[in-house]
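**Student:** Take this structure first; my questions come after.
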């Protein structure tokens with residue numbers, strides 16, 4: 001009788017969602033793992049390891065920041081060589097799908113969307129393809145308007161999402177992946193954003209924003225780009241001064257990104273409705289407006305809390321378009337208390353260069369709270385960790401893993417290469433096995 005009662009309790013809990021297993025995603029970066037995962041024995045060995053740890057999903061990066069792809073494409077250039085190593089000719093993504101499914105894991109293809117070059121290596125489509133050079137972002141810096149390929153302190157040569165040609169090209173690659181790999185479980189879009197607060201200031205973007213400003217807000221540009229913002233000072237002393245239409249400009253950029261996501265969702269669902277649409281973003285929502293993205297629920301109104309948002313900014317929230325959402329809780333401090341202690345030390349020490357006092361959300365715990373607050377239960381929030389951020393403190397990594405599982409609806413680890421390089425499997429396993437976070 002007791003067993004029968006427990007059976008019905010489990011059925012009820014499962015139906016209500018309380019007993020459902022949290023998703024745990026392991027990310028396989030394209031270039032960091034290029035040589036290692038060019039061999040079948042390596043792929044099988046690490047998939048076995050990931051399965052044994054209890055991961056439910058793997059994320060395979062098939063479109064790194066160069067704009068090249070790791071499958072046989074008729075649209076984008078294929079990355080056959082990286083860092084002096086030429087990969088044998090085999091179906092990389094197909095192998096992960098087949099072997100991942102054998103082990104009971106879901107397989108997602110990750111694509112870096114609005115980026116087309118590696119600025120440290122001068123490699124990528126904005127460097128090698130003449131017809132795509134004007135797709136690159138134009139940044140309004142304290143030195144004026146500059147092409148992003150000339151800003152060598154920036155790792156990624158970001159593209160301009162405002163360009164229809166860019167959006168069409170990127171959505172066609174997404175369509176190609178889901179068409180060629182119908183057994184995929186999902187697609188996760190990364191770098192689906194602007195470069196930063198300095199982007200984009202091309203002529204295309206100016207005309208687009210002007211049209212948006214006139215049609216939505218019944219206003220017009222008078223003094224561009226100062227209507228948006230201007231720089232005062234240079235270098236470390238430079239300061240951004242908001243212009244009259246700064247908030248409307250943020251709203252317009254979020255509109256552009258949501259417009260692309262709407263199109264991509266249609267492309268995926270029309271091609272293969274079984275494939276899930278996912279997105280990765282950082283968890284630092286209070287600052288994410290700088291990247292031109294509103295990943296919140298459309299019912300979340302940031303204008304109530306933040307001075308950078310218009311009342312209509314919430315309309316550009318795109319959480320409702322997603323099937324999967326993973327967010328980077330990329331902070332070394334795990335708890336809000338750790339941040340508070342750090343701030344106390346900063347205040348007491350008075351050392352120069354320590355920066356401003358940090359907010360509680362500058363932590364795994366605090367950023368997870370922010371993410372869940374703005375998503376508003378529309379879909380699960382899978383908290384992510386950047387492994388390298390904790391090196392050499394493995395114990396801190398263990399705490400962060402456990403906090404992610406406690407504070408969010410899952411776990412995403414970026415990236416397997418750091419676990420391999422540092423041998424941190426035990427730290428990861430301990431963090432995953434703890435039932436609740438302990439100080």
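Bear in mind these aren't lab numbers, they're just calculated from the coordinates by the rules spelled out. The structure presented is a predicted model; accordingly, all values stated were derived computationally and were not measured. Cβ: placed from backbone, ideal geometry, glycine included. Neighbour counts: every protein chain shown.
**Student:** What 222 nm value per residue comes from the helices of the chain, counting each DSSP H run with n ≥ 4 as -39,500 (n - 2.57) and dividing by all residues, nearest 500 deg cm²/dmol? Present the calculation step by step, with values, prior to reporting the outcome.
**Tutor:** On the way: 13 runs with 162 residues, N = 439.
Rounded to the nearest 500, the figure is -11500 deg cm²/dmol.
**Student:** Relative contact order (percent) for the range 158-303, with alpha-carbon contacts under 8 angstrom and 6 or more residues of separation? Numbers along the way, then the final one.
**Tutor:** Details: 142 pairs, mean separation 51.0, N = 146.
That works out to 35 percent.
**Student:** Contour minus end-to-end for residue 89 and residue 164, with contour as 0.36 nm per residue of separation and end-to-end as the Cα-Cα distance?
**Tutor:** Values: separation 75, 0.36 × 75 = 27.00 nm, distance 3.36 nm.
Full-extension gain reported as 23.6 nm.
**Student:** Using the count of nearby Cβ atoms within 10 Å as a rough guide to exposure, how do 43, 188 rank from fewest to most?
**Tutor:** With the sparsest Cβ surroundings first, the list reads 43, 188.
**Student:** If you take the beta carbon distance between residue 75 and residue 337 as r and set R0 to 60 Å, what does 1/(1 + (r/R0)^6) give as a FRET efficiency, to the nearest 0.05? Don't skip to the end; give the middle numbers.
**Tutor:** Details: r = 49 Å, r/R0 = 0.82.
Calculated transfer efficiency: 0.75.
**Student:** Now a separate question. For the chain, what proportion of DSSP beta bridges, expressed in % and rounded to the nearest 5, is antiparallel?
**Tutor:** On the way: 15 of 51 bridges.
Looking only at bridges with both residues in the chain, the antiparallel portion is about 30 percent.
**Student:** So between residue 102 and residue 134, what do we pick up on full extension, going 0.36 nm a residue minus the alpha carbon distance? If you can, show how the numbers build up before the last one.
**Tutor:** Details: separation 32, 0.36 × 32 = 11.52 nm, distance 4.39 nm.
Computed gain between residue 102 and residue 134 is 7.1 nm.
**Student:** In percent, how large is the relative contact order of the range 220-303, given Cα pairs closer than 8 Å and 6 or more residues apart?
**Tutor:** On the way: 52 pairs, mean separation 18.6, N = 84.
Rounded, it is 22 percent for the range 220-303.
**Student:** Expressed as a rounded percentage, what relative contact order does the chain have, with Cα pairs under 8 Å and six or more residues apart? Walk me through the numbers before you get to the answer.
**Tutor:** Working: 779 pairs, mean separation 57.6, N = 439.
This gives 13 percent for the chain.
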